[in-house]
Each structure stands twice: as C-alpha cells, then as structure tokens.
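Report on one structure; see the data block that follows.
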Amino acid sequence: MVAGVAGPGGVFAAVVQWQAVHGRHGLPWQGSPDPYRVWLSEIMLQQTQVSTVSRYYPVFLARFPDVTALAQADVDEVLSLWSGLGYYSRARNLHQCAKRVVSDYAGAFPARSDVLARLPGIGPSTAAAIAAFCFGERTSIFDGNVKRVMARFLGFGEDLSGSAASQQLLALTQAMVPTDAAGSDMGVYTQGLMDLGATLCTRSRPACLACPLAEGCVARRTDQQAVLPLKTRRVKRQTLSLYLLVARKPDGSVGLERRPAEGIWASLWCFPEFSDRSLLSRLLGVLPMPSVTDWPVVRHALSHRELVLHPVVCEVAHNWEPPGSKHAGAWQWVAPGQPVQGGIPVPVRSLLAQLANGCTPPAL
Ligand code: SF4
C-alpha cells in the first residue's frame, strides 16, 4: 500500500506505482503508442473480456495493420473478422471512424480527447484513453470500472443512473489527475485504473487488502463496497421470440439472408426470421417441403433484449430458392463447415456448427 493516498496527487501516484509492479503487462496491444492500435483495442475491450480480445486483436491487426487498410476494406470483411465479439455496431462504427480519420485527418488520429470524441464510436472515455496513452493528455478515463473505483474510494453516494451525478463524479475523478503530472505517466495511470477496476475493485467481493487506495477509501472504511456505486435504474431486458427458417438442401447447404442495415444484428447474415410460427407455417404450407423439424429453443442475451430463437429446419429441394423479395447480394447458400463471407451473430454461428456436425443443440 502507498502512503498518503488522501493527499493531493496521492491517488495518481499510488495508482502509477501500483501499476508498475502489480498491473497487467504484456497484453498484445500494450507497449505501443500508436493511436490506431490503442483505439482498436479500446473499442474491442468495450463489453468484452480481455481473454477474448487477446484472441481477436492480433488476427484483426494482421489483416488491417493500419487505419488506411481498415478504411479501404469492405464492411463485410470487417464484420466477418468481428464475428463472435458481439455488439456489432462497434465494428460498423470502427469502419466509419477509420474512413473519417483517413478523409478528414489524412490518416493521423487527432491528439485531443475532445476532438477524438466527435469521431464515430469513440465516446468520451475511449477518447480520454487514447489521448492519455498516446499523447500524454492529462485527462482521466471514465468507464464503468473507473466509475466503480472512484465512487467507492470517494464514498460517492449519488445515483449514477442520472447524468448530473455522473458528471459530478467525472469532475471529481478528473481532479485526481495533478495539473503537473508528467505526460509520460498518463498511460501508466490510465492502465492502472483499468487494472484496478478489473482485478481488485471488482463488482462483488473487492480485494481491498491488496488495493493501493485502501488507506483513503471511504467505502472500505464504512463497509459500503456492496452498495457503491449506487445505480437504481437497471436496463430491463425485453424478451423477443423469433422463428428462424433453416432451409437445408440435399447437399447440406443452408440459406442465409442479409439483415436490414438498421435494428438487431444490422447487416449481418442470419436465417430468415418470422415473428411467429403461423407465418412460417403459412410459408411452409405453400412450399413442397418433405420434412420440417423444430429444433430446441436457443436463448441469446443482447444488451436490451433477451432473444428466444426457435430454429425450424426445413429440408428443401436442390433447386429451391427463397420466396419474395430476396434480391441479389442479400442471400447466400453456405455449405457445411464453409466460412461465411460477412458477419454472423453468435447463435447463428453456433447453429451452423451444429448443422455441420449433423447434430441438434441440447434442449434448454
Ligand atoms: S479499497 Fe476496496 S473498495 Fe476501495 S477502491 Fe480499493 S478495492 Fe475498491
């Protein structure tokens, strides 16, 4: 533990010292001041575990080594490499942002957080991380982990569901960064805050005994770790039931259609969906299909929705084509085990794997 945490600059110094010894080092995206790499890792790390990003990041970087390569790519290829990471709006924004950096800034990321925050998909916290890591800007990252650490350390009891309280905590957090802090320490401090929130000041059962901020932490002193940060408004997930038409030809290939550019899984490849079974049955009724099998339900949680997916596998003739308005480029047949050109949502990818293996998923 570092002494004098409560004094001016104490938190900053304590976090910097702790990170150097106990923080996370050697992650694939660390050690480079290249804003492209920092930006890419920060976007991937939103809502995604470090272990998962560690697998995706090198593959993505090998294919798109710089912002120009990414800007010139087809969005389908970007979504394809993003498949499995979820929250696909991040990938679409990533592509848009790369184009903007190339067109508006000649391929060089702006150095100031307030300018970075105006680019697609870069919120204030990510902008602060890039500016601190790459340009030594004296600004604090303020993601969910940091909010939790700071609310506990300060004993901040306002409800963070409201933006006024959040802004208040942001100002207090920003004040932890001394105005004379060395720009070279900003990256270490930023990484330290992230590491602290991810490894010690966790949601449940924080490891206060090992924490460099323990000495001055109000939540620890008053035993409020379990109630802080206060957040009363929780996102309520609505349940949405969808029936998926899995049209399978005698050679085992199955049909996927591209989803609309807006809404859930925008522009990804998916089995055609129906809001209820009767609509699907009506379609099946007018088609000469020898065999229809209802597969077990698959559940999948999105940020605001709980999807209940009902795959209906229909064996169709080799010359069967999707009815209605399936226009060119919006439909593809995928042979078992073959890669799909474009992004695929996680449950669809898992269904494709089950189909390729010739088995059904376990019933829930
Ligand atoms: S002392 Fe405990 S509650 Fe306080 S910041 Fe450290 S880990 Fe979090």
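The values are calculated or read from the model by the stated rules, or taken from the named source; none is laboratory data. Computed from a predicted structure; not experimentally measured. Please note: Cβ atoms are built from the backbone with ideal geometry, for glycine as well, and neighbour counts cover all protein chains shown. To get the accessible areas, we keep the full protein, side chains included, count just its heavy atoms, and leave off ligands, DNA and RNA. Shrake-Rupley method; radii C 1.70, N 1.55, O 1.52, S 1.80 Å.
A single member of THR239, THR202 is in a loop (DSSP other than H, G, I, E, B) and either within 16 Å of the ligand (Cβ to nearest atom) or not acidic (Asp, Glu) (or both), and it is THR202. Could you look through the range 145-165, keep only residues that are over 23 Å from VAL5 (Cα atoms) and among the small types (Gly, Ala, Ser), and pick out the one that is nearest to the ligand (Cβ to nearest atom)? Restricting to residues being over 23 Å from VAL5 (Cα atoms) and among the small types (Gly, Ala, Ser), the top hit is ALA165.
Every residue, every condition in (1) within 16 Å of the ligand (Cβ to nearest atom); (2) within 30 Å of LEU154 (Cα to Cα); (3) at pLDDT below 90, yes or no:
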residue	(1), (2), (3)
GLY216	yes, yes, no
ALA226	yes, yes, no
THR232	no, yes, yes
GLY263	no, no, yes
VAL297	no, no, no
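Do you know which of the residues in the range 9-44 that are within 19 Å of the chain's Cα centre (by Cα) and more than 21 Å from GLY123 (Cα to Cα) is surrounded by the fewest Cβ atoms within 10 Å (Cβ to Cβ)? The qualifying residue surrounded by the fewest Cβ atoms within 10 Å (Cβ to Cβ) is LEU27.
Residues checked against (1) open to solvent by 80 Å² or more (accessible area, probe 1.4 Å); (2) closer than 24 Å to HIS318 by Cβ; (3) more than 30 Å from the chain's Cα centre (by Cα):
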site	(1), (2), (3)
GLN191	no, no, no
MET194	no, no, no
LEU209	yes, no, yes
ALA214	no, no, yes
PRO229	no, no, no
SER241	no, no, no
PRO260	yes, no, no
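Would you be able to tell me the number of residues in the range 144-175 that are open to solvent by less than 50 Å² (accessible area, probe 1.4 Å), part of a loop (DSSP other than H, G, I, E, B) and under 21 Å from ALA14 (Cα atoms)? Count: 2.
One residue stands out in the range 268-314 among those that are under 30 Å from GLU77 (Cβ atoms) and open to solvent by 60 Å² or more (accessible area, probe 1.4 Å): the one that is nearest to the chain's Cα centre (by Cα), namely HIS304.
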